[in-house]
Structure formats: C-alpha cells, structure tokens
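Visitor: Here you go, one structure.
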Amino acid sequence: MHKSILILGACGQIGTELTFALRETYGNESVIASDIREGSENLMDSGSFELLDATDYDVLEEVVAYYEIDEVYLMAAMLSATAEKFPERAWNLNMNSLFNVLNLAKDKKIKKIFWPSSIAVFGPNTPKTNTPQNTIMEPSTVYGISKQSGERWCDYYHHKFGVDVRSLRYPGLISWKTQPGGGTTDYAVEIYHKALAEGAYGCFLNEDTKLPMMFMDDAIKATQQLMATEAEKVKVRSSYNLSAMSFSPKEIAQNIKEHIPEFEISYKPDFRQDIADSWPNSIDDSKARQDWGWKPDFDLEKTTKVMLGNLKA
Ligand SMILES: NC(=O)c1ccc[n+]([C@@H]2O[C@H](COP(=O)([O-])OP(=O)(O)OC[C@H]3O[C@@H](n4cnc5c(N)ncnc54)[C@H](O)[C@@H]3O)[C@@H](O)[C@H]2O)c1
C-alpha cells in the first residue's frame, strides 16, 4: 500500500538511519526527510529533503499538505546533556514540536505518529533494576521532565481524540553511521572511535555506572515493528519500555580490549554522572515482547564487533 512519510529531525543519530531504513521499505520517493540543517551526503542524495523547523506549525502543515503525508516520525529534540545547559530551549523544542504533530493528527491531517521517549522518564526514586513499565517516575532532568510530559500528552491525545501515536522509551543508542547528539550515553559511541584512533579513552562517567543500551539496528527494527503493528495490539499509548543490554564503562572497555588489547580507559566523571545516576541500570520490556513480539538481536559482544569492524573500514 502506498503511504507518504515525513521524518522531522532526519539528520540526527537516529533520524539518519531511520530515513535509510524507511526508504528501503517504502521507496525513496515515499519518505521525505526534514531537519533545520542538511544531513550527510548519502542522506541528501537518497530522496526528497525539506529544511523545516518542527516547532513552526504553519510550515509543517504546508509540507504535510504538499506531500500528502500519512505518517510523521518526530525525531527532533534536545537531548539530556545539552538540555541541562539550555532548559527553556529544550522544553520549547521538545514540547512544541510534539504538540504540532499531535494537533495535525487530531485535525485528521495525518494518520499516524511515531515519537520517541527515553529511559530518562525515570528518576532517582524509580526501582533501578529491571525497571517495570509502570512505576514511580519523578525524572530529575529537564530532558526527562519533557519526555514524561510528552508521554502523558500522547496518552491523552490517544484516549481523548483517537490519535494513533506510538512510542518507545529508547535506551542509550550505539551507532557508527552518525555521531550522537548530546546525550548522557554518548560515551558508548565515543569510546569505539577513540579506541581505534588513539588506543585510549577518557570516560565522563564512573567505571561502574551501568546503563541500558541498544545497538541502532535494534532500535530501528523496534520502531518499524511497532509502527507496523495493528492498532488494537498497541496497548500502551504513553511509551513502551524497550531493552537489549546493560553494561558499565568498565565492561565495554573490557570488551574492546578483547579486540584491541592495548586499549586504556580512564575515568573523569563530569555533570553527566548526576544524570546517569538518576536513571535505571536495566529495563523490563516484557510488555513490548508480549504486545508486539519485541526481541533484540544485538548484545554487547556483537555490538563491539560491528562497531569496530565498520569504524575501521
Ligand atoms: N540517541 C539516543 O541514544 C536516544 C535515546 C533515547 C531517546 N532518544 C530520542 O530520539 C530522538 C532522536 O534522537 P537523536 O539521538 O537522533 O538526536 P540528535 O540530536 O542526533 O538529532 C536530532 C535532530 O533534530 C534536529 N533538530 C533540532 N531542532 C530542530 C527543529 N526545531 N526542527 C527540526 N529539526 C530539529 C537536529 O538538527 C538533529 O539533526 C529524540 O527525541 C531523542 O530524545 C535518543
């Protein structure tokens, strides 16, 4: 069936790979990429692109009408570490872009929305191990507050106005095609780059800070799988817990040493340590497994092999 898709924030870490994956599935001409900046050459060459600010409702509405868009993937946001530096800008971007897309669906201008949430919705009072789908949240970061509020609005628009919005609480994402955009789990990407380039890495988190993580291919698979699920089976309309692996900086370093024995890691925690300390160390994603068959393919060993292999090439 033909459908037309718009990606907002398509040039970021997730947006870039999501654009390629959706173009592969639905055809290059059916997937419109957009962002406030241009993306990689590959991305720009692979299909239509619009310079578009997701907080500008009027322009967004025009683009949606012009391309007869059915589905919007909203990937534009300010991430956790950057948001602590610019709280008001983060709130405005993260909330206004979401309202714009939710309102387009409420007014029947689009049919379906994907909006990512994060493990940052949880806070220091949340049970840290195997964090359940429904639990105490109380996020202590600007980013987490915006994501938790976003989840409540998604749920509200679904129940009040019948909006078909779907969401995942992504853990920290590891990828080699695009650099991460200012999150607290960015170390788990930087470490591979530095291991290959310099044989050493100075980590901004403590050695034992265990966080939930996922390889990008799994995140893209989960996103496509959730969006392809029949509406009745999507029971959670705030956001689904999603999990693949959990590790600490010490554990990823040990894993890298198996490939690069001379690799050295040192630890110099900065302000991001506080953010990481407020997040869970592992996630219970049984609801996603049960409702739409979620199952990850990548553990830490496989991720390290693919990361080092591709970054070396
Ligand atoms: N990367 C992760 O580990 C991770 C984890 C959990 C959740 N998420 C969520 O996934 C989504 C995408 O994250 P990402 O890692 O790709 O982020 P990113 O920072 O790499 O990319 C975000 C993109 O949005 C664009 N953008 C910024 N302001 C914009 C605006 N006003 N209009 C349009 N585009 C704008 C940026 O130019 C950038 O290309 C975000 O909602 C983020 O909170 C990411």
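Visitor: Report, in listed order, any pair from LYS108/LYS221; LYS112/LYS295; LYS268/LYS312; LYS85/LYS108; LYS85/LYS268 with a Cα-Cα distance greater than 31 Å.
Guide: Over 31 Å Cα-Cα: LYS85/LYS108.
Visitor: Please compute the length gained on full extension between LYS85 and PHE271, using 0.36 nm multiplied by the number of residues separating them and subtracting their Cα-Cα distance.
Guide: Result for the pair: 65.9 nm of gain on full extension.
Visitor: Only Cα pairs under 8 Å and at least 6 apart count here; give the relative contact order of the chain as a rounded whole percent.
Guide: In percent, rounded to a whole number, it is 18.
Visitor: Here's a follow-up. Of all beta bridges DSSP finds with both residues in region 171-277, what is the antiparallel percent, to the nearest 5?
Guide: 30 percent
Visitor: Rounding to the nearest 10 and keeping the result within 0 to 90°, find how far the Cα-based axis of helix 216-228 lies from the longest principal axis of the chain.
Guide: 30 degrees
Visitor: Points 7 angstrom from Cα along the Cβ direction at ALA313 and GLN290: gap in nanometres?
Guide: The two pseudo-label positions are separated by 4.0 nm.
Visitor: Between region 92-113 and region 166-244, what is the C-alpha centre distance in whole Å?
Guide: 24 Å
Visitor: Using +1 on the beta carbon of Lys and Arg, -1 on that of Asp and Glu, and nothing else charged, what's the dipole of region 61-170 about the Cα centre, debye to 20?
Guide: Working: 13 positive and 12 negative charges, 55 e Å.
Charge dipole of region 61-170: 260 debye, to the nearest 20.
Visitor: Hey, what number do you get for the chain at 222 nm if only DSSP H runs of n ≥ 4 count, each worth -39500 (n - 2.57), divided across all residues, to the nearest 500?
Guide: My calculation for the chain gives -13000 deg cm²/dmol from helical runs alone.
Visitor: Could you give the length gained by full extension between GLU232 and LYS3, i.e. 0.36 nm per residue of separation minus their alpha carbon distance, to one decimal place?
Guide: So the extension gain works out to 80.4 nm.
Visitor: Computed from the mean reciprocal separation of all distinct C-alpha pairs, what Kirkwood hydrodynamic radius does the chain have, in Å?
Guide: 19.7 Å
Visitor: Enumerate the aspartates and glutamates that LYS147 could reach by cross-link, defined here as Cα to Cα under 16 Å, with residues fewer than 8 away along the same chain left out.
Guide: GLU84, GLU88, GLU138, ASP155
Visitor: If you don't mind, there's one more thing I want to ask. What lysines does LYS109 reach when the alpha-carbon gap must be under 23 Å and sequence neighbours fewer than 8 apart in one chain are set aside?
Guide: In chain and number order, the partners are LYS3, LYS160.
Visitor: Which of MET214, MET78, MET95 has the fewest other C-beta atoms within 10 Å, and how do the rest follow up to the most?
Guide: By the 10 Å Cβ count, ascending: MET95, MET78, MET214.
Visitor: Just how large is the dipole of the chain about the Cα centre, in debye to the nearest 20, putting +1 at every Lys and Arg Cβ and -1 at every Asp and Glu Cβ?
Guide: In debye, rounded to 20, the chain gives about 800.
Visitor: As a test, work out the antiparallel percent of DSSP beta bridges whose residues both lie in the chain, rounded to the nearest 5.
Guide: In the chain, approximately 10 percent of DSSP beta bridges are antiparallel ones.
Visitor: Also, quick follow-up: As I understand it, the value is the acute angle between the Cα axis of helix 187-197 and the longest principal axis of the Cα atoms of the chain; what does it come to in degrees, rounded to 10?
Guide: Approximately 60 degrees, to the nearest 10.
Visitor: Looking at ALA253, GLY309, SER266, which one has the Cα that reaches farthest to the positive end of the dipole of region 193-313 (charges on Cβ: Lys, Arg +1; Asp, Glu -1)?
Guide: With unit charges placed on the Cβ atoms, the residue in question is GLY309.
Visitor: Which FRET efficiency value, to the nearest 0.05, is calculated for ALA197 and THR25 with the Förster distance at 22 angstrom and r the Cβ-Cβ distance?
Guide: 0.05
Visitor: Treating cross-link reach as a plain straight distance, find the aspartates and glutamates whose alpha-carbon is under 14 Å from the alpha-carbon of LYS194, omitting any fewer than eight places away in the same chain.
Guide: Here the aspartates and glutamates satisfying the reach criterion relative to LYS194 are ASP186, GLU262, GLU264.
Visitor: Answer with one residue from LEU226, LEU74, ALA21: the one whose Cα lies farthest towards the positive end of the charge dipole of the chain, charges on Cβ with Lys, Arg +1 and Asp, Glu -1.
Guide: Value computed over the given set: LEU226.
Visitor: Taking the chain as a Gaussian network, Cα atoms linked when under 10 Å apart, which of LEU79, LEU51, LEU205 shows the biggest mean-square fluctuation?
Guide: LEU51
Visitor: Sort TRP176, TRP294 so the one with the fewest other Cβ atoms within 10 Å of its own Cβ comes first.
Guide: Result, fewest neighbours first: TRP176, TRP294.
Visitor: Still on this model: Once you place label points 7 Å from the Cα toward the Cβ at GLN133 and ASP299, how far apart are they in nm?
Guide: 2.6 nm
Any read-out appearing in this document is the output of simple, stated calculations on the displayed coordinates, not a laboratory observation. Fair warning: this is a prediction, and the values are worked out from it, not measured in the lab. Note that each Cβ is placed from the backbone with ideal geometry, even for glycine, and that neighbours are counted across all protein chains shown.
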